[in-house]
Each structure stands twice: as C-alpha cells, then as structure tokens.
Amino acid sequence: MVAQTVSRAIEVLEFCSRRPRELREISELWGVHRTTALRLVQTLIAGGLIRKDERGRYGVGFRLAALAESALEQFDLRTVVHPHIVELSERVGQTVQFAVPQGDHLVYVDKIEPPSSIRLNTRIGGYATVHTAGVSKAYLAHVPSAVRERILAGADFEKYTDTTLTSRTAFEERLIEVARQGWAYDDGEYETLSNCIAAPVWDHSGSAAGGISITAIKTQSDLGELRKLLPTLLETTEVISRELGWLPPEPTEPAADPS
C-alpha cells in the first residue's frame with residue numbers, strides 16, 4: 001500500500017509538472033474517485049510539492065522547485081551519462097561518443113572504444129567537426145536558432161570526403177531532416193572508412209543537452225546496418241534524459257471532427 005501511494009505521488013508530480021491539472025484529471029489518471037485523489041493531493045500540498053492556483057488547478061509547488069535546483073547542483077553530466085554509454089557500447093560492440101556544447105563549439109566529453117571497434121582520432125576534450133559529426137547534427141537540429149547561429153558561425157564547411165556537406169544551406173537542410181526523424185548520421189563525411197548514427201540527450205527543461213553517437217567501420221557496418229541499432233541508441237538516450245529530469249511531451253489530442 002505504501003509503495004502504491006509513493007508511486008501515485010511520483011505520477012501526479014510528473015503529471016502536474018507538464019501543466020496545471022484539475023482534480024478531475026488527476027482522478028481520471030488513476031481511475032479513482034475524486035475524494036481519493038484529493039487526499040493524496042492535499043498531502044502533497046502540505047509538503048509544498050503541489051500548489052493550487054487561482055483557478056483551482058494543481059501545479060508543482062515552490063518547495064519542489066527548490067529541491068530540483070538543489071538536485072541540479074549535484075549533477076555532473078558526464079557522471080550521469082558514463083555508465084549508460086559503457087552499457088550501450090557493450091550491447092552494440094561499437095565505439096560510442098558523447099559530446100556537449102561548450103561556448104561556440106561541441107566538445108567530446110566521453111568516449112568508449114571496445115578493443116574490436118574502430119579507433120577514432122577524436123579525443124575527450126577535443127572539438128567535434130561541426131559540419132560532419134553526427135553528434136553535432138543531433139544537437140544542432142534541436143536548439144534555438146541563436147544557439148545554432150553562434151556555433152555554425154565557426155564552421156568552415158571544408159571538404160574532407162565526397163560526402164562532406166560543404167555549404168551551410170546543405171547542412172541546414174540536413175538539420176531539418178534530423179529534427180523530423182529524431183536522429184542524425186555521418187555518412188563517411190569526415191573519414192571515408194567510418195560512419196555513425198547519433199541522437200540528442202534532453203535535460204530537465206526539455207532542451208537538448210548534447211548528443212551520443214555509435215560509430216562503426218563502413219566495411220563492417222554501413223548505415224543500413226547501423227540503422228538496426230537505432231532502437232538501442234534511442235532507448236539509451238531516453239533513459240539518460242529521464243535521469244536528467246526530462247519528461248516526454250504529452251501526445252496531442254486529435255482535432256475534433258467539424259462535421
């Protein structure tokens with residue numbers, strides 16, 4: 001019974017964090033009578049975790065915001081991500097990299113290279129080549145235009161291989177594709193021998209916090225083969241994002257039939 005109460009408390013906190021809710025919505029969430037829902041909500045109100053607004057709806061409380069701020073101060077992003085990309089690399093048997101924004105660049109902050117995988121010339125602390133790297137595409141496709149503009153201002157769009165995107169127009173067209181499908185790729189755009197798939201990591205505010213990639217030797221795993229690893233990659237980025245406080249967007253309700 002205690003476990004169920006705690007589970008419901010977590011559920012309602014997440015539910016109300018997306019937007020303020022009416023009591024009816026909370027009771028429907030659990031399939032219980034409003035009186036039952038109200039008892040738990042009142043307990044959360046007393047603890048400062050839920051508050052009732054002027055319209056009688058329930059949203060997150062100020063104490064919860066203070067707890068969240070304290071939690072964020074304890075986070076070291078690489079520490080959170082590291083065990084997950086170790087596990088990902090072990091599952092897929094390929095090199096996995098994690099990059100985050102730093103000023104006007106994207107910086108590799110972690111890399112796992114199994115003995116049998118490709119050895120990359122990237123290094124922890126080094127900059128990602130913005131117009132070729134999968135991690136940079138995964139990140140830049142999901143950031144505000146001002147952030148994207150600042151980082152792309154330093155890109156030279158130098159040609160490294162026949163598949164390199166050598167113009168900003170072509171690169172931004174690729175970002176539109178990435179934003180639509182939710183993942184990115186590098187089709188031998190920096191080195192002809194390798195390719196990768198990548199996906200963004202999200203933080204508590206719903207903003208892109210960085211990107212994670214799986215890289216393979218093209219002769220062993222081309223993009224077609226790497227795409228088979230997408231479910232595993234996206235499962236990992238979702239787990240990490242949830243650990244960082246991210247909540248997936250609520251599904252939109254279909255528009256009412258005007259007829």
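The values are calculated or read from the model by the stated rules, or taken from the named source; none is laboratory data. The structure presented is a predicted model; accordingly, all values stated were derived computationally and were not measured. All Cβ positions, glycine included, derive from the backbone under ideal geometry; neighbour counts span all protein chains shown. Side chains are part of the model used for accessible areas, which takes the heavy atoms of the whole protein and leaves out ligands, DNA and RNA. Shrake-Rupley method; radii C 1.70, N 1.55, O 1.52, S 1.80 Å.
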Determine the pairs where a residue that is under 30 Å from Ala146 (Cβ atoms) and open to solvent by less than 10 Å² (accessible area, probe 1.4 Å), located within segment 91-109, has a partner that is modelled with pLDDT under 90 and among the hydrophobic types (A, V, I, L, M, F, W, C) with Cβ atoms under 7 Å apart, the partner being 6 or more residues away or on another chain. Phe98/Val109; Ala99/Val107; Ala99/Val109
Restricting to segment 90-112, name every residue that is in a loop (DSSP other than H, G, I, E, B) and modelled with pLDDT under 90. Gly103, Asp104
Can you tell me how many residues in segment 155-187 are of a type outside the set (A, V, I, L, M), more than 20 Å from Thr237 (Cβ to Cβ) and either open to solvent by 70 Å² or more (accessible area, probe 1.4 Å) or touching a helix residue (DSSP H, G or I) at 6+ places or on another chain (Cβ under 9 Å) (or both)? 13
Answer residue from segment 218-235, given it is crowded, with 16+ Cβ neighbours inside 10 Å and within 17 Å of Glu113 (Cα to Cα) and is nearest to the chain's Cα centre (by Cα) among those: Leu233
Given the condition part of a helix (DSSP H, G or I), open to solvent by 60 Å² or more (accessible area, probe 1.4 Å), of a type outside the set (Gly, Ala, Ser) and closer than 24 Å to Gln181 by Cβ, answer yes or no: does some residue in segment 51-62 qualify? no
What pairs come up if the first residue lies in segment 229-252 and is small (Gly, Ala, Ser), the second is at pLDDT below 90 and assigned to a loop (DSSP other than H, G, I, E, B), and their beta carbons are under 6 Å apart, counting only those six or more places apart or on different chains? Gly245/His204
Kindly indicate the residue of segment 177-200 that is over 14 Å from Leu230 (Cβ atoms) and part of a helix (DSSP H, G or I) and also farthest from the chain's Cα centre (by Cα) among those meeting that condition. Glu177
Do the conditions hold for Glu87, that is, is it open to solvent by 50 Å² or more (accessible area, probe 1.4 Å), at pLDDT 95 or above and either hydroxyl-bearing (Ser, Thr, Tyr) or outside any loop (DSSP other than H, G, I, E, B) (or both)? yes
Scan segment 203-217 for residues that are at pLDDT 95 or above and open to solvent by 40 Å² or more (accessible area, probe 1.4 Å) and report the count. 0
I'd like the residue in segment 115-156 that is part of a helix (DSSP H, G or I), without any contact (Cβ under 8 Å) to a residue 40 or more places away in the chain and touching a Lys or Arg at 6+ places or on another chain (Cβ under 9 Å) and, out of all such residues, is nearest to Gln181 (Cα to Cα). Leu140
Yes or no: segment 105-117 includes at least one residue that is acidic (Asp, Glu) and either more than 19 Å from Glu238 (Cβ to Cβ) or over 21 Å from the mean Cα position of the chain (by Cα) (or both). yes
